[in-house]
Structure formats: C-alpha cells, structure tokens
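The values are calculated or read from the model by the stated rules, or taken from the named source; none is laboratory data. Everything numeric in this text was worked out from a predicted model, so none of it was measured. Positions of Cβ are backbone-derived with ideal geometry, glycine not excepted, and every protein chain shown enters the neighbour counts.
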Amino acid sequence: MTMLYFLMLDFEKGEETLNKKYIALLSSMVLLSPLVGGMQVQADTLDELNREKQQLEQKSEDVQNKINDKESSLQKLEDEKSNLESHVAELQESIDELLLQLDKQEEELQKIEQKINDLQERIEALQIIIEQRTEKLNNQARVIQTEASMTDMVSIVMNAESLTDMVGKISTVNRLITANKDIVIQQENDKQEVEDTKAAVEDERVAAEELKQQIIVSKNNVVAQQNELNHQITLVLENVQLTEKEKSKLQATKSDLASQTSEISSEIAAEETRIEQERIAREKAEAERIAREKAEEEAAAAAAAQAANNMVASSESSVPSSVSSSSVGGFIRPASGYISSPYGMRFHPITGTYHSHNGIDFAGSGPIVAAREGTVEVATYSPSWGYYVVVNHGTIDGNNVKTLYAHMTPGLTVAPGQSVSAGQQLGTMGTTGESTGVHLHLEVYENGTRINPLKYFSL
C-alpha cells in the first residue's frame, strides 16, 4: 500500500520509469526468496558434514586412547619380559655354578667308586691269600699232628748225632712253630682288614648314594626353575603377540577413520567451494542488478535534479517544492526520489549478507531537509554512514524521537547544537560511506531504538 501511494505521489516523474523501478524491486524480492531457502539448505548440508566429521574425529580420538592403552600394556609386558630374562640370566649363573659343583661331585663319586673297586679288589685278594694261607696252615697242622708229636721231639733229640745237630733240629722245629704262629697272626690281621675294608666299602657306598641323591635333587630343582621361567616367558610372549594384534586392529580402524575423515573434509571443502561460487554468482548478479538500477537512478536523478533546481528557493531555509509537505505527526518527506530499499530484511548490496535494513533509502538527488523541527545533535562523517546528521525532535507522544540522515555529500549546512525547522536543508544527497549510489538513508529512533520510519512518514 505504501509503495502504491509512493508511485501515485511521484507519478509526474514518469509513469514508465516508475513502473520499471517497481517491477525491478518486486522481481528482486521474488528472486531473493529462493536464495534465502537455498542458503539454509547449504548451511544444513555443511552442518551435517561437520557433525559427521566431528563424530569421526571423536571416534578416532577414542581409538587412539585405546592404542595408547595397548602401548602401555606392551611396555609393561616388555618390562616383565626383561625382568624374567634377568631372572633367567641369574638362574643360568646359578645353574653354571651348580653344574661345576655337580662335575666336582661326579668326579668325587667316580673317585669313591674307584676306591670301592680298589677296596673290593683288596678284599678279594686278601680272601684269596687267606684261603691259601688257611690251606697251608691246615696242611702244616696235619703234618705236625702226625709227625711232630712230643715223642717225635724226644726222638729227634735222642737221635741227634751231636749237640750241634740236636740244637739245629730243635731250632728247625721251633722256627716251624714260630712261623706257623706268625702265619696265624697275619691270618687274623688279614681277616680283620677284610672286615674293616668291607665296612669302609659300605660307608663309601652310603656316601656315594647320598651324593647321588643330592645330585639328582639339585638337577631336578634347576630344571624345575628353568621350566617355570621358560613357561612365564612363553606366557608373556603370547600376551605380547595378542596385544600387538589388538594394537594392529586398532591402528587399522584408526586409519579407516582417518580415510573417512579425509573424505568428509574433501566433501566439506567441495561444499564450501560450491557455496562460495554461488555466493560470488549472487553477488555478481546483485552487482549487475545494482549497476542497472544505478544507471536508471542516475538518469532519473539527473532529470529530478534539474526539476529540483528549478523549484529550490534561493533561501537556504526554504523547503524545496520537490519535497512533499505531506506529513504524519508533523513529519515531512526529507528528500525527493523514490524508495530504493524499504525497512526490513535484505541482502546487503556490498557485503552480500542477509540481515535487517534499519531504515529507508531514497534514490535520487538534490537537497535533504529536516523532517521536523528539532536540534542538531550530530553533524559529522563516519566510514559507514559517510557524511550524516542526527536531529533530536524532542518528546512526541511520550517518546523521544530522533532522525538520522546519511550518505550526504561533503559540506553539511548545519552544525551540532543548531536548531532547525521542518524543511530546513541539512545537506545534499550523495554516496559517501558504504554506498553503491546517490541516495538518502533515513533512520528513526524512539528512545534510542531504531524503528520503522513509516510510523511517522507517509511516503
């Protein structure tokens, strides 16, 4: 309704031009609607891809933690293996020492067995001697009993041819008797030696048997310890192999996750590239549209400027006839031209971002006047608004109301603290600051908050 009123109000400027502007504006609004929806779809796609990437990265982190646990377990197993190998080395030293002792014991056992054999041979030799001696003594006893009786002894003495012969015969008999006595004594000694040797042999046999048992026990202990350590080492090695397999599986899983993450990253990069290309295309199309509208605006502005120059009063404070005196609550139209951008959501003509437009843009040329009487609070320059003026209109219906006029040409006609009347010129429509063409950007503030200017303006 506002747009229709504006078209009717400025119909004298050219029906054809206004129709083109109106059609272009409506077309832009229609074209922007699907773009907004497309941007939402793109954002959803990127969000989904990024969420999937984050999930994969979290899974990868979890797998890496498990890998770290396995590596810690492997380190503990390696330490345990090293300790066992140290024990094996220590045991091996004990085994080597024991083997030396066993060699000495076996040598001693061989000596004992050799001694036993020697004693046994001695016993056998003595037994033979004793048997032979016993046989000889038995024979001599039989001879003495049969031939050397007392009567014989007397006969020997009586029959001796001389004293010398008698003494000799008696001496012979005595020697025989003495020899037999020595033989008997030796026989008894040999028999005792045999018994003693047999006892010694038995003692040696007992000692040898004990030594054999000690050797057997020592060997069994060494073998048992060695087998136990070997068993523990085998278990550790099996655990190491199992842990290595589990680690390898986890590393394979991590590698697979990394591949998936890389693929997702590539998709994200491709999607971002596509979105960027679409954004560039939109900006290009928007720039082309703005360029077309700017060319049309400049043509219309040139015509309007000529008309305005013819209508502007010589006095600086006079209200140009091209500015409508139509007002709401005492507010008048601040400039001539058409509304190129209304209040509300739009794509920024420079940044390309979609956000709220907090004022109304008038495209055209010529003077900019105060919409209502008030006091100038600001008259300066900023990078965004260019040369601009803020007028404080005081309290209206309980609200403090201010108006802002931006993008004017250098050479503002008012200063801060100056009182102005409705219709008094503030400056000239320009394109300073963030602007793509000659226009006025008008904002209205209630109690410091920007509102839709149409509350106070009927355009």
Out of the residues in segment 342-355 that are without any contact (Cβ under 8 Å) to a residue 40 or more places away in the chain and under 44 Å from the mean Cα position of the chain (by Cα), state the one that is surrounded by the most Cβ atoms within 10 Å (Cβ to Cβ).
His348
Matching residues in segment 52-70 - criterion: being farther than 17 Å from Glu246 by Cβ and either loosely packed, with under 14 Cβ neighbours inside 10 Å or among the aliphatic types (A, V, I, L, M) (or both):
Gln54, Leu56, Gln58, Glu61
Please give the number of the condition Lys81 fails out of (1) surrounded by 14 or more Cβ atoms within 10 Å (Cβ to Cβ); (2) under 30 Å from Gly352 (Cβ atoms); (3) modelled with pLDDT of 85 or more.
(2)
Look at segment 445-459 and say how many of its residues are in a strand (DSSP E or B) and not acidic (Asp, Glu).
4
Across segment 435-444, what is the total count of residues that are surrounded by fewer than 19 Cβ atoms within 10 Å (Cβ to Cβ) and either modelled with pLDDT of 95 or more or in a strand (DSSP E or B) (or both)?
0
Before we move on, is Asp165 charged (D, E, K, R), outside any loop (DSSP other than H, G, I, E, B), modelled with pLDDT of 90 or more and out of contact with any strand residue (DSSP E or B) (no Cβ under 9 Å at 6 or more places or on another chain)?
no
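Quick test for you: out of Ala287, Ala270, pick the one residue that is of a type in the set (A, V, I, L, M) and either more than 53 Å from the chain's Cα centre (by Cα) or modelled with pLDDT of 90 or more (or both). Explain how you work it out, then say what you get.
Working: Ala287 fails: either more than 53 Å from the chain's Cα centre (by Cα) or modelled with pLDDT of 90 or more (or both).
Of the residues listed, the single one that is of a type in the set (A, V, I, L, M) and either more than 53 Å from the chain's Cα centre (by Cα) or modelled with pLDDT of 90 or more (or both) is Ala270.
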Keeping to segment 110-156, report how many residues are modelled with pLDDT under 85, surrounded by 14 or more Cβ atoms within 10 Å (Cβ to Cβ) and among the hydrophobic types (A, V, I, L, M, F, W, C).
4
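Listed residues Pro367, Pro416, Pro383, Pro410; which is outside the structural domain of Ile280 (by TED's automatic domain parsing), crowded, with 17+ Cβ neighbours inside 10 Å and of a type outside the set (D, E, K, R)? Let's see the steps before the verdict.
On the way: Pro416 fails: crowded, with 17+ Cβ neighbours inside 10 Å; Pro383 fails: crowded, with 17+ Cβ neighbours inside 10 Å; Pro410 fails: crowded, with 17+ Cβ neighbours inside 10 Å.
Sole residue among the options that is outside the structural domain of Ile280 (by TED's automatic domain parsing), crowded, with 17+ Cβ neighbours inside 10 Å and of a type outside the set (D, E, K, R): Pro367.
Please verify whether segment 89-109 includes one or more residues that are more than 23 Å from Thr243 (Cα to Cα), in the same structural domain as Leu242 (by TED's automatic domain parsing) and of a type in the set (Gly, Ala, Ser). Full working, then the answer.
Pass one, segment 89-109, residues more than 23 Å from Thr243 (Cα to Cα): 89-109.
When the remaining residues are screened for being in the same structural domain as Leu242 (by TED's automatic domain parsing), the result is 89-109.
Narrowing further to those that are of a type in the set (Gly, Ala, Ser): 89, 94.
Looking through segment 89-109, at least one residue is more than 23 Å from Thr243 (Cα to Cα), in the same structural domain as Leu242 (by TED's automatic domain parsing) and of a type in the set (Gly, Ala, Ser).
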